[in-house]
Amino acid sequence: MEIRPIFSAMMRSKTGVILIALQIALTLAILANALYVVRDRTNEANRVSGVDDANVFMIATLDRDVDGVMARQKRDEELLRAIPGVASASWTSQMPLSQSGSNTGVQTNPKQTDSVASPSVYSGTEMLIKTLKLKLLEGRDFNASEVLETDNRLPDQAKPKVAIVTKALAKKLFPNDASVLGKLFYQGRGDPPIEIIGVVDELVTPWGRASWNTDQTGDESFILPARFTQRYNIYAVRTEPGQRDNIMKEAEKVLLAAVPGRLISENNSMDQLRENRYRGEHTMANGLLIVIGLLLLMTASGIVGLASLWVNQRRKQIGIRRALGARRVDIVRYFVTENVMICVFGIVMGSGLAIALNRAMMSELELQRLPLAYLLMGAVSLLFLGVMAVLGPAWRAAQIAPAIATRSA
Amino acid sequence: MIKMQQLSKVYRTHLIETHALRGFDITVKEGEFVAVTGPSGSGKTTFLNIAGLLEEFTGGDFWLDGVSVKGLDDNARSKLRNEKLGFIFQGFNLIPDLNLFDNVDVPLRYRGFNAAERKRRIEEALGRVGLSSRMKHYPAELSGGQQQRVAIARALAGSPKVLLADEPTGNLDSQMARGVMELLEEINSQGTTILMVTHDPELAARAQRNVHIMDGTVTDLTQETRLALQHAVEVA
Amino acid sequence: MWNYYFLLGWRSLRRNPILTTLMILILAVGIGTSMTSLTMLLVLSGDPIPQKSERLFVPKFHIADMRGYKAGDKPDFQFTYIDTKNLLRDKRAKRQTALFGLSLTVDSGRKDLPAFSERGMATTSDIFPMFDMPFRFGSSWSADADDKASNVVVIGPELSEKLFKNENPVGKTIKIIDRDYTISGVLDVWQPTPKFYRLYGSDATSRPEQIWLPFTNAVSREFSNSGWNNCSGEGAGSGYEGWLKSECTWIQYWAELDKASDAAAYRDYLSAYVAEQKKLGRMPRPEPFQLLSLREWLEDAGVVGRDTKLSTWMAFGFLMVCLVNLVALMLAKFTARAGDIGVRRALGASRKEIFRQYLIEAGVVGLVGAILGLGLSWYGVHIISSRLAEADDFYRMDFRMLLITLLMSISAALLAGLLPTWRACQVRPAIQLKSQ
């Protein structure tokens, strides 16, 4: 491989080389970082909710008053369950990915002043886990007698004594324990301790990964067995596969008919909730993918352009080489080698730029550190792109007849 | 060394058929120094290109150093060209982006010699043409005559059997031209076959044998005809 | 001469349409993406009320108890009911107001329109002049109505049109959660950009609420806060009364001062207030309170999110790659014109003249690229606005951004053209003419 002569000849037209190398470097810098952000956002948007997304929906009512609301909740649940095709229904205080709900600080020791974690609190009936189809890893579900009926307008309401936590929360609270069943934690308001009676695999918080605090990964939640007295009531409903859309309409009719003067405040499937929550992430990912596509296109066309220019400028030279015994494949190899050199030069520069850009974004934009795998992936794709792009002009160069050496003055 | 029998070359465009060479017969023995003359458009360059395996021919047969060239594919012809032939062009045709060393190196790379062998041959070739001291210089820094010498060194570095020269002194002044011709004569005396296209009769006279191409056919010129031609030129 | 060069540039671009189209497309796409993200950034970081933004302030106290306290923790961004009542009573600013969000049912009484839910704000009458909220009909309720917790309401233009078409509904009543409220005024179209008064509890890009009723009235009817509630310490006691007595923060407080320089005096007042509260055993944390101006408040709340900034960075990086590509294309184009340049130089053009001619040619690319880029950004902003903003056309390109686009495109093209143009000037006439 005639690397040295190719290099020395290439260096005689430095401008073109520098421009292409610079373009490759800048492209790699942006590509590597953008790919990582796309992956990160897409992963978050596709995260497992723990819930049966395809078949669950939420329907919320806004009533005129709270008189007899407990009985009303139970009746609403019965009406919902009676709809053919409904597998289960339950009152709940909040829905995953709905962007509305509450968090609370918890401790494992009543004397602690700092919270060990800030999980999201779901309150619901003994049917909630079944309705959301959460996966119980250990322990048991609530039974009906444990469900408290809480009216916060009145003093001295009973406090919950048991809870079911997510695996992530269990690990946060008791990192060194194999099983957390029977362990106690505190909501930190001077309330009595709460015993963990079950652990579910996943239950995402209403916000997923919080944008205001990226430490909040969105997988720490716990469920309390309770109903609340309030005018706004959410019901989680799970249907048999394929029937959700129809049942959502039916549920609205049924609940409206049950209480005069009531309004249906929300009626959204889990898929809709997910789409609403992650619209920003999707837009960002799509936007970046478009930019990445355009970048690759521009780089490829730049390489094709420069290579074509050089092929044209070197027609005579190519003819001479052929006259001196170069085969067609030798000419292709010449151009590919030259191109690989430029690409490698650009990639090395670009790697430095990518890391520098990432550092800058880490400090200004709270980005994560770029994993080297993305840099490698970007580098390999650009090299591949470069070689593919130069093959066209290189093949054309190889077609130049050796007779050009003698025929053109 | 070179044997062509009933060779023909026809160029076809949409409407016109040009017969550049017709029924061409020529045999060049090893060690001969042949000058090829003829008016422009006669087919001299076509003949040289075919002899140099730079172009394919339409009909007839062609043997180079005992090997039949007819029907060989591009790769085989390139290989043959690389191993058996050396080229010298009117316009020198050195690669401007490479220094002298690298210029002479080009055909050797395609030959597949290792680095040590190549270095040896390049130094020897440049030495033979008297330019070893300027190995790292670029063609643009040399005079026309020096550039042609480098081209000759490049042609010789691979120890070819036949040297093909297309108006080698066309772009040189008389003094440089003489120098080049002396070099060629020296090379020929060491056993290399030379086929030189020229329209300078004085140069043609220095070759052992002259062939004249006119309208695509070739004729060997006898001594008398050569002298007559020369005389005609002097008078005119 | 400039006209001549402009013409030459235009003609030369037309002669090689593929190359020209490519150059213009690349520039336009680069400008388009940068301007789309820049517009988003500028809109979100803009001043929503420039005529008085330096006179509007948000006090922030450290309400939370010592649990989980770390030095450098930020104060609470909302108020407790206790502090709200106290500061409203003291009336130490030129104007002050408190807000919290409501989730209401509205019944117009019309047979053809069933009851529906609507978002609203509980606030004091000061808010309307404080935020320069425009009225279409009527006016806000009186300070007296605030004191008496009267059943009055100001409604927004969309609600008014929905219920009353184009009529003036002042004096009419609507039922809000089963009680009649008299309409004292209807707001005109008002879209503060961003929606600074309710960054917590609603999206900065959302439309203003359509129902505004007295704070005291909402409290008397025990409406709960539809928004962020942050309870530390012992939490709320039972019932609404317990809620009002608690250290939960749920109310947004705003103060308007006469002049920006009055902030020092207002700060002194707040200082004294905090000292007083500490004596009562409240506000245990040692960190000082904060008084943020409107601009500081927007920054503090992070209204320009991380993703907006990230998009802008990426878009400008993309623009740089576009420019490098543009330099390469221009170089190729100008190099091919070496013959033309040689002849011109031989005929007497100085290097400066050649420089000017080719730079203007680059400028023409910039101009055409600007127009196309403008179209692309307009489209881009529209798409982003419909996908990401709650209010339609929240993200819009105003005159300022149009101008920025134009300038950016032309300067980008000129910048990209510098190297190729300089190269063009170096062409030696002799060599060019010999090789003709």
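A:Ser93 versus (1) of a type outside the set (A, V, I, L, M); (2) within 23 Å of A:Trp207 (Cα to Cα); (3) in contact with a helix residue (DSSP H, G or I) (Cβ under 9 Å, 6 or more places away or on another chain): which is the lone unmet condition?
The number of the failed condition is (3).
For the stretch A:132-184, which positions are in contact with a Leu (Cβ under 6 Å, 6 or more places away or on another chain) and farther than 30 Å from A:Asn55 by Cα?
A:Ala158, the sole residue that qualifies.
Within the stretch A:178-191, is there a residue that is more than 33 Å from the chain's Cα centre (by Cα) and among the hydroxyl-bearing types (Ser, Thr, Tyr)?
Checked against the condition, which is being more than 33 Å from the chain's Cα centre (by Cα) and among the hydroxyl-bearing types (Ser, Thr, Tyr), the stretch A:178-191 yields no hits at all.
Of the residues C:Gln290, C:Gln277, C:Gln252, which single one is in the same structural domain as C:Pro192 (by TED's automatic domain parsing) and touching a Pro at 6+ places or on another chain (Cβ under 7 Å)?
On the way: C:Gln277 fails: touching a Pro at 6+ places or on another chain (Cβ under 7 Å); C:Gln252 fails: touching a Pro at 6+ places or on another chain (Cβ under 7 Å).
Within the list C:Gln290, C:Gln277, C:Gln252, the selection yields C:Gln290.
If we scan the stretch C:140-159, do we find a residue that is surrounded by fewer than 20 Cβ atoms within 10 Å (Cβ to Cβ) and aromatic (Phe, Trp, Tyr)?
No: zero hits.
Checking A:Asn339 against (1) modelled with pLDDT of 90 or more; (2) within 14 Å of chain B (Cβ to nearest Cβ), which test does it fail?
(2)
Report yes if some residue within the stretch A:175-188 is in contact with an Asp or Glu (Cβ under 9 Å, 6 or more places away or on another chain), closer than 30 Å to A:Arg279 by Cα and crowded, with 19+ Cβ neighbours inside 10 Å; otherwise report no.
For the stretch A:175-188, residues in contact with an Asp or Glu (Cβ under 9 Å, 6 or more places away or on another chain), closer than 30 Å to A:Arg279 by Cα and crowded, with 19+ Cβ neighbours inside 10 Å: absent.
Out of curiosity, is A:Ser49 more than 14 Å from chain B (Cβ to nearest Cβ), part of a strand (DSSP E or B) and either among the polar types (S, T, N, Q) or more than 33 Å from the chain's Cα centre (by Cα) (or both)?
no
Within the stretch C:177-199, is even one residue within 12 Å of chain A (Cβ to nearest Cβ), within 27 Å of the chain's Cα centre (by Cα) and closer than 25 Å to C:Asp392 by Cα?
Yes, the stretch C:177-199 contains at least one residue that is within 12 Å of chain A (Cβ to nearest Cβ), within 27 Å of the chain's Cα centre (by Cα) and closer than 25 Å to C:Asp392 by Cα.
If I ask for residues that are of a type outside the set (Val, Ile, Thr) and free of Cβ contacts under 8 Å to residues at least 60 places away in the same chain, which ones from the stretch A:334-351 would you list?
Matches in the stretch A:334-351: A:Asn339 only.
Scanning for something within 14 Å of another protein chain (Cβ to nearest Cβ) and outside any strand (DSSP E or B), does the stretch B:9-26 turn up at least one residue?
Looking through the stretch B:9-26, none of the residues is within 14 Å of another protein chain (Cβ to nearest Cβ) and outside any strand (DSSP E or B).
Based on this model, can you work out whether A:Ile59 counts as outside any loop (DSSP other than H, G, I, E, B), of a type in the set (A, V, I, L, M, F, W, C) and within 11 Å of another protein chain (Cβ to nearest Cβ)?
no
Please pick out the residue among A:Arg209, A:Arg227, A:Arg244 that is touching a Gly at 6+ places or on another chain (Cβ under 6 Å), more than 11 Å from chain C (Cβ to nearest Cβ) and of a type in the set (D, E, K, R).
A:Arg209
Looking at (1) in a loop (DSSP other than H, G, I, E, B); (2) within 26 Å of A:Asp215 (Cα to Cα); (3) within 14 Å of chain C (Cβ to nearest Cβ); (4) in contact (Cβ under 8 Å) with a residue 12 or more places away in the chain, can you tell me which one A:Val121 breaks?
Exception for A:Val121: condition (1).
Cβ-Cβ distance below 6 Å, separation of 6 or more or different chains: which pairs start in the stretch A:156-171 with a residue that is crowded, with 24+ Cβ neighbours inside 10 Å and end on one that is of a type in the set (S, T, N, Q)?
A:Thr166/A:Ser221
The conditions are (1) within 14 Å of chain C (Cβ to nearest Cβ); (2) touching a Leu at 6+ places or on another chain (Cβ under 9 Å); (3) aliphatic (A, V, I, L, M); (4) free of Cβ contacts under 8 Å to residues at least 40 places away in the same chain, and A:Ile292 fails exactly one of them. Which is it?
Only one criterion in (1) within 14 Å of chain C (Cβ to nearest Cβ); (2) touching a Leu at 6+ places or on another chain (Cβ under 9 Å); (3) aliphatic (A, V, I, L, M); (4) free of Cβ contacts under 8 Å to residues at least 40 places away in the same chain is unmet by A:Ile292, namely (4).
Confirm whether A:Leu385 is under 30 Å from B:Ile95 (Cα atoms), surrounded by fewer than 21 Cβ atoms within 10 Å (Cβ to Cβ) and modelled with pLDDT of 90 or more.
When the stated conditions are applied, A:Leu385 passes them.
How many of the residues making up the stretch B:93-126 are under 21 Å from B:Glu185 (Cα atoms) and modelled with pLDDT under 90?
Counting residues in the stretch B:93-126 that are under 21 Å from B:Glu185 (Cα atoms) and modelled with pLDDT under 90 gives 0.
Here are some residues: B:Lys9, B:Lys79, B:Lys70. Which one is surrounded by fewer than 16 Cβ atoms within 10 Å (Cβ to Cβ) and either free of Cβ contacts under 8 Å to residues at least 40 places away in the same chain or basic (Lys, Arg) (or both)?
Values: B:Lys9 fails: surrounded by fewer than 16 Cβ atoms within 10 Å (Cβ to Cβ); B:Lys79 fails: surrounded by fewer than 16 Cβ atoms within 10 Å (Cβ to Cβ).
When all the criteria are applied, what remains is B:Lys70.
Which of the residues spanning the stretch A:215-241 are farther than 30 Å from A:Gln368 by Cα, surrounded by fewer than 16 Cβ atoms within 10 Å (Cβ to Cβ) and within 26 Å of the chain's Cα centre (by Cα)?
Listed by number, the list holds a single entry, A:Pro241.
Name the residue that is modelled with the highest pLDDT, counting only residues in the stretch A:5-22 that are more than 26 Å from C:Met320 (Cα to Cα) and either under 45 Å from the mean Cα position of the chain (by Cα) or at the interface with another protein chain (Cβ under 8 Å from one of its Cβ atoms) (or both).
Top of the filtered list is A:Phe7.
Check every one of the strands (runs of 3 or more DSSP E) wholly within the stretch C:73-150 and list those with 3 or more residues that are assigned by TED's automatic domain parsing to the domain that holds C:Leu270 and touching a Lys or Arg at 6+ places or on another chain (Cβ under 6 Å).
No strands (runs of 3 or more DSSP E) qualify here.
With respect to the numbered conditions (1) within 14 Å of chain B (Cβ to nearest Cβ); (2) in a helix (DSSP H, G or I); (3) crowded, with 22+ Cβ neighbours inside 10 Å; (4) not acidic (Asp, Glu), which one is the sole condition not fulfilled by A:Trp395?
For A:Trp395, the failing item is (3).
Might you let me know whether the stretch C:316-326 holds any residue that is under 26 Å from the mean Cα position of the chain (by Cα), away from every other protein chain (no Cβ under 12 Å), under 30 Å from C:Leu414 (Cβ atoms) and modelled with pLDDT of 90 or more?
No, the stretch C:316-326 contains no residue that is under 26 Å from the mean Cα position of the chain (by Cα), away from every other protein chain (no Cβ under 12 Å), under 30 Å from C:Leu414 (Cβ atoms) and modelled with pLDDT of 90 or more.
What helices (runs of 4 or more DSSP H) completely inside the stretch B:55-132 contain at least 2 residues that are of a type outside the set (Lys, Arg) and facing chain A (nearest Cβ under 8 Å)?
Working: elements: B:74-84, B:100-111, B:115-128.
Counting at least 2 such residues, we get B:74-84, B:100-111.
The values are calculated or read from the model by the stated rules, or taken from the named source; none is laboratory data. Bear in mind that the values here come from a model prediction, so they are computed numbers and not experimental data. Because the Cβ atoms are built from the backbone with ideal geometry, glycine has one as well, and the counts that use them run over all protein chains shown.
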